[in-house]
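What follows is a set of notes on a single structure, which appears directly below.
Quick note: the coordinates plus some simple rules give every number you see, no bench work behind them. In this text, all values refer to a predicted model and were calculated from it rather than measured experimentally. Here the Cβ positions follow ideal geometry from the backbone for every residue, glycine too, while neighbour counts run over all protein chains shown.
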Amino acid sequence: MAARGLCSRREADEYIQQGQVIVDGQIVDTLGTKVNPDSSISLAPVARRAQRERVTVLMNKPIGYVSGTPEGKYPAAATLFTPRTRDPADRCALRFSRHHLHGLAPAGRLDIDSQGLLVLTQDGRIARHLIGPESRIEKEYLVRVEGAVDEQMLQRLRHGLVLDGKPLRPARVDRLNADQLRFVLTEGRKRQIRRMCEFIELRVSGLKRVRIGRVLLGNLPEGKWRYLPPGLDF
């Protein structure tokens, strides 16, 4: 079900246990049931309706907030999801509801000392699409660095580096000016950009994510959020 994009693995378990999965016209409610790879698999209408009601939030995370669980004095970015911090320019017709907080989780991380576009979602399909092992969604960052950068250093950043014993996927890295680079990645290892820069003896002094797939940070104010409009995807 997850591989077909119907839901996440966790959601699949819940739907099966609730008797909301239909395989070749029959309800399946037993975890671990084996089915033919060519079988028709669908969700019951009540499950599809629940999926449509799930929300995804776009937030401009400030420095000093963690993406997920609070760490010491650093609060979670989700604490900024309140009626007061909604972007006044948000044109989505959805009204804020406390129900939208239930199960809302980050789809990808930004470090405490990084800022920019953060996606919080209740929808496991979106989370898998953005951060699943097969995901190739681009994430774009503006990175301010300290140190001289030449073309050879850029080439090393683009391809050939290894983190934690595993090669990094090729990246797009361009110099925008004397102290600012643009990174476009299709993966999200822990503190990846900062560690990449350390390999070539550059220090990152500022990092901002400005795009995920087709969704731009744009003019979303720092510390504010808006709903992902229905019909818009990454």
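Tally Lys and Arg at +1 and Asp and Glu at -1 over the other residues with C-beta under 13 Å from the C-beta of Thr186: what net charge comes out? Don't skip to the end; give the middle numbers.
On the way: positive: Arg136, Lys139, Arg158, Arg169, Arg172, Arg189, Arg211; negative: Glu134, Glu138, Glu140, Glu187.
With Lys, Arg at +1 and Asp, Glu at -1, the net is +3.
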Length-normalised contact order of the chain, Cα under 8 Å, at least 6 apart, in percent, tallies to 23 percent
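Where both partners of a DSSP beta bridge lie in the chain, what percent of those bridges are antiparallel, to the nearest 5?
Numbers: 41 of 45 bridges.
Just about 90 percent of them are antiparallel.
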Within the under-11-Å Cβ sphere about Ala127, not counting Ala127, Lys/Arg +1 and Asp/Glu -1 give a net charge of +3
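Take every Cα pair under 8 Å in the stretch 9-51 that's 6+ residues apart, average their separations, divide by the length, and report that relative contact order as a whole percent.
Values: 44 pairs, mean separation 15.8, N = 43.
Relative contact order of the stretch 9-51: 37 percent.
Pull out the extension gain between Asn219 and Phe199, defined as 0.36 nm times the separation in residues minus the alpha carbon to alpha carbon distance; nm, one decimal. Numbers along the way, then the final one.
On the way: separation 20, 0.36 × 20 = 7.20 nm, distance 3.29 nm.
This chain segment gains 3.9 nm when fully extended.
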To the nearest 20 debye, the chain has a Cα-centred charge dipole, built from +1 on Lys and Arg Cβ and -1 on Asp and Glu Cβ, of 380 debye
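Under the rule a/c < 1.5 gives rounded, and otherwise a/b versus b/c splits prolate from oblate, where does the stretch 35-170 land using the Cα gyration tensor?
Working: a/c = 2.41, a/b = 1.30, b/c = 1.85.
It is oblate, given that a/c is not under 1.5 and a/b is not larger than b/c.
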Given a Förster distance of 30 Å, the FRET efficiency implied by the Cβ-Cβ spacing of Ala50 and Thr186, rounded to the nearest 0.05, works out to 0.45
Log entry: pair-distance distribution for the chain, C-alpha pairs binned every 10 Å from zero, whole % per bin is 7, 28, 30, 22, 11, 3, 0
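Let's test the formula: R0 of 22 Å, r as the Cβ-Cβ distance of Ser97 and Tyr74. What FRET efficiency results, to the nearest 0.05? Don't skip to the end; give the middle numbers.
On the way: r = 27 Å, r/R0 = 1.21.
After rounding, the FRET efficiency stands at 0.25.
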For Lys139, the lysines lying under 25 Å Cα to Cα, once residues fewer than eight places off in the same chain are dropped, come out as Lys61, Lys166, Lys190, Lys208, Lys224
Residue-normalised 222 nm signal for the chain, counting each DSSP H run of n ≥ 4 as -39,500 (n - 2.57), nearest 500 deg cm²/dmol, is -5000 deg cm²/dmol
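What translational D, rounded to a whole number of µm²/s, comes out for the stretch 108-192 from Stokes-Einstein when the hydrodynamic radius is the Kirkwood one over Cα pairs, at 4 °C and 1.567 mPa s? Please list the in-between numbers first.
Working: Rh = 14.3 Å.
In µm²/s, the coefficient rounds to 91.
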Mean separation of Cα contacts under 8 Å (at least 6 apart) over the residue count of the stretch 22-118, i.e. the relative contact order in percent, is 31 percent
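If you put +1 on each Lys and Arg Cβ and -1 on each Asp and Glu Cβ, how big is the dipole of the stretch 1-96 around its Cα centre, in Debye rounded to 20? Walk me through the numbers before you get to the answer.
Values: 14 positive and 10 negative charges, 92 e Å.
Value, rounded to 20: 440 debye.
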Note, the stretch 103-117: 3J(HN,Hα) by Karplus (6.51, -1.76, 1.60, θ = phi - 60°), whole Hz, Gly/Pro = x, goes x, 6, 9, x, 9, x, 10, 10, 5, 3, 9, 10, 9, x, 5
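Let me spell out the model: positive unit charges on the Cβ of Lys and Arg, negative unit charges on the Cβ of Asp and Glu, origin at the Cα centre of the stretch 9-51. What dipole size does that give, in debye rounded to 20? Could you put the intermediate results ahead of the total?
Details: 5 positive and 6 negative charges, 27 e Å.
The dipole of the stretch 9-51 has a size of about 120 debye.
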Length gained, Thr85-Asn36, 0.36 nm per residue minus C-alpha separation, equals 12.8 nm
